[in-house]
Amino acid sequence: MYHLDTTRLFVFLVGALALGPACSSPAEEAPGNIGSSAAESAASTAPLVKVDNPYAGARVYVNPDWSAKAAAEPNGSRIANQPTAVWLDRIAAINGTSGARGLVAHLDEAVRQAGGNPLVIQLVIYDLPGRDCAALASNGELGPTEIGRYQHEYIDVIAGILARQAYRNLRIVTIIEPDSLPNLVTNADGQPGATPQCATMKQNGNYITGVGYALHTLNAVGNVYNYVDAGHHAWLGWDSNFNPAIDVMKQAATAAGATVNDVTGFITNTANYSALVEPYFKVTDTVNGSSVRQSKWVDWNYYVDERSFATAFRNGLVSRGGFPSNIGMLIDTSRNGSGGSARPTGPGPMTNVDAYVNGGRIDRRIHAGNWCNQSGAGIGERPRANPASGIDAYVWIKPPGESDGSSTYIPNTEGKGFDRMCDPTYTGNARNGNNMSGALPNAPLSGHWFSQQFQQLMANAFPPL
Ligand code: BGC
């Protein structure tokens with residue numbers, strides 16, 4: 001917890017018991033085994049107390065479905081016991097799909113893994129109408145106008161399950177709708193990367209309404225901790241995007257009955273590859289009098305890595321956005337390690353800004369806008385709580401080994417299209433400065449197991465495995 005003195009308490013007086021100590025979790029208060037009748041009755045009468053940082057002092061749920069796939073890979077057991085998020089990426093995922101158990105089965109297993117101790121389970125809420133409007137690899141099942149189905153067949157059903165007594169001692173972290181609000185900021189109108197699909201979602205307001213509805217409905221459960229997706233530094237790090245992004249976050253967090261108090265925090269780098277910290281150059285460095293911001297790689301961005309961006313964005317959300325001062329950030333570090341033989345061991349030469357930045361950057365992608373199955377990527381920091389001030393945890397939201405999108409068109413019934421950013425022969429578009437995609441070949445549909453990628457991520461892990 002980064003602010004012991006500002007612990008935010010949400011007290012839900014289910015019974016008439018007096019409040020427990022401020023920072024203890026319900027799980028700590030309930031004696032005996034969860035599931036025993038004594039524990040259940042204690043659980044049903046104890047007040048629900050929200051902690052400031054759900055990850056502090058808690059273990060995090062290991063998804064057995066992902067874990068089994070990782071463990072089946074040569075040497076995969078080195079990471080198979082790491083906690084990864086459960087993606088509820090379509091209505092059918094709530095009940096379970098082939099090879100992936102449903103929400104109730106995950107929560108039952110989470111209660112078992114908790115064994116009466118604090119445990120976080122991470123769920124990705126990912127089914128907005130008109131989903132993934134700036135790309136094609138993860139277009140979803142709901143059309144742009146199907147907000148009613150999103151609210152009632154998806155969010156309400158999930159909230160109903162989460163609210164069951166049996167799960168009230170879990171700390172349920174929800175990752176709210178990756179990419180959606182950032183897409184409204186940069187890809188909806190005017191900008192070079194704009195798409196008609198994002199323009200539609202901006203005009204009809206259904207991303208804003210959907211996110212607000214999700215925040216409000218899920219937070220009402222009491223032991224849910226909402227973290228809203230906030231893109232990454234190489235998406236929102238320019239001033240022209242940074243403040244507008246905060247404004248859109250605020251707009252969504254005050255839509256459809258939501259308030260800023262429905263938000264525990266924000267997450268950056270979800271399913272992306274941006275380096276956590278660039279050790280060999282800073283945004284304030286100059287070479288021969290020129291700022292590194294002028295280099296091709298940085299391209300006038302105000303941030304060169306994820307942790308500096310997440311910290312600044314948090315501060316902006318509080319000061320400009322009016323979010324509570326104790327919001328915390330998460331950073332997805334599942335694939336931003338950039339280890340292996342291509343990793344620089346020191347700064348680049350001081351001949352000019354490009355040589356300096358390109359020689360020293362650990363993010364070895366061709367362009368920072370590349371996002372699909374990046375060749376050369378590695379596993380990043382292992383998940384842990386309270387790694388830095390204002391950061392609630394490093395987390396693995398994108399499960400390593402799950403594809404970002406297919407490298408050629410593959411017919412399917414999941415609403416998944418073919419995005420050429422996943423094609424290694426593609427020469428790019430405005431959103432990646434018309435560079436090569438840097439994607440691995442032979443990738444399956446997004447979310448499907450991609451063994452070659454998993455192996456490469458382990459080989460390039462940093463810290464090494
Ligand atoms: C896909 C989802 C998948 C998730 C996690 C997304 O890109 O669209 O279907 O569950 O990645 O792998």
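The values are calculated or read from the model by the stated rules, or taken from the named source; none is laboratory data. This structure is a prediction, so every number in the text was calculated from the model and none was measured. Cβ: placed from backbone, ideal geometry, glycine included. Neighbour counts: every protein chain shown. These accessible areas exclude ligands, DNA and RNA; they are computed on the full protein's heavy atoms, side chains included. Shrake-Rupley method; radii C 1.70, N 1.55, O 1.52, S 1.80 Å.
Amide H neighbours of Val124 under 5 Å, at least 5 residues apart or on other chains, H built in the peptide plane: list them.
For Val124, whose amide H was placed from the backbone, the distant partners under 5 Å are Val86, Trp87, Leu88, Ile175.
In bins 10 Å wide, starting from 0, what share of all Cα pairs of the chain does each bin hold, as a percent?
4, 21, 33, 27, 12, 3, 0, 0
Along the positive direction of the dipole of the chain (beta-carbon charges: Lys, Arg +1; Asp, Glu -1; about the Cα centre), which of Asn429, Trp297, Thr97 reaches farthest?
Highest projection toward the positive end goes to Trp297.
What ranking, highest mean first, results for peptides 445-451, 82-88 when packing means the other Cβ atoms within 10 Å averaged over each residue? Write out the running numbers ahead of the final one.
Numbers: 445-451: 20.6, 82-88: 23.7.
Output ranking for 445-451, 82-88: 82-88, 445-451.
Between rounded, prolate and oblate, where does the range 67-184 land on the alpha carbon gyration tensor, with a ≥ b ≥ c its root eigenvalues, rounded for a/c under 1.5, else prolate if a/b exceeds b/c?
On the way: a/c = 2.09, a/b = 1.33, b/c = 1.57.
It is oblate, given that a/c is not under 1.5 and a/b is not larger than b/c.
What are the aspartates and glutamates whose alpha-carbon lies under 16 Å from the alpha-carbon of Lys50, with same-chain residues fewer than 8 places away excluded?
Asp5, Glu28, Glu29, Asp262, Asp392
Find which of Ser308, Ala253, Phe323 sits farthest along the positive direction of the dipole of the chain, computed with +1 on the beta-carbon of Lys and Arg, -1 on that of Asp and Glu, about the Cα centre.
Result: Ser308.
Mean projection of the alpha-carbon convex hull of the range 306-391 over all orientations, in nm²? Walk me through the numbers on the way to the answer.
Numbers: hull surface 29.7 nm².
So the Cα hull casts an average projection of 7.4 nm².
Got a number for the accessible area of Trp371? Probe 1.4 Å, square angstrom, nearest 10.
Rounded to the nearest 10, that gives 70 Å².
For the range 6-459, give the magnitude of the charge dipole about the Cα centre (Cβ charges: +1 Lys/Arg, -1 Asp/Glu; no others), in debye to the nearest 20. Could the numbers behind the result be given before it?
Details: 32 positive and 37 negative charges, 126 e Å.
With Lys and Arg at +1 and Asp and Glu at -1, about 600 debye.
With all protein chains present, calculate the accessible area of Met350 using a 1.4 Å probe and round the result to the nearest 10 Å².
Roll a 1.4 Å probe over it and Met350 shows about 110 Å².
Residues with amide H under 5 Å of Gly328's amide H, sequence separation 5 or more or different chain, H placed in the peptide plane at 1.01 Å from N; which?
So Gly328 has HN proximity to Gly265, Phe266.
Enumerate the lysines that Lys69 could reach by cross-link, defined here as Cα to Cα under 23 Å, with residues fewer than 8 away along the same chain left out.
Lys398, Lys416
Which value in deg cm²/dmol, rounded to the nearest 500, describes the helix-derived mean residue ellipticity at 222 nm for the chain, given -39,500 (n - 2.57) per DSSP H run of n ≥ 4 and division by the residue count?
Numbers: 14 runs with 125 residues, N = 465.
Rounded to the nearest 500, it is -7500 deg cm²/dmol.
So what J values fall out for the range 410-427 if you push phi through Karplus, 6.51 cos²θ - 1.76 cosθ + 1.60 with θ = phi - 60°, rounded to Hz, Gly and Pro as x?
With coefficients 6.51, -1.76 and 1.60, one gets 10, x, 6, 10, 9, x, 8, x, 10, 9, 5, 5, 9, 9, x, 8, 6, 9 Hz.
Mind listing which trypsin sites (Lys or Arg not before Pro) in the range 92-171 are in a DSSP loop and have 12 or fewer other Cβ atoms within 10 Å?
Values: sites: Arg101, Arg112, Arg131, Arg149, Arg164, Arg168, Arg171; in loops: Arg131, Arg164, Arg168.
Qualifying residues, ordered by number: Arg164.
Considering only DSSP beta bridges with both partners in the chain, what is the antiparallel share in %, to the nearest 5?
Numbers: 11 of 38 bridges.
So the antiparallel bridges amount to about 30 percent of the total.
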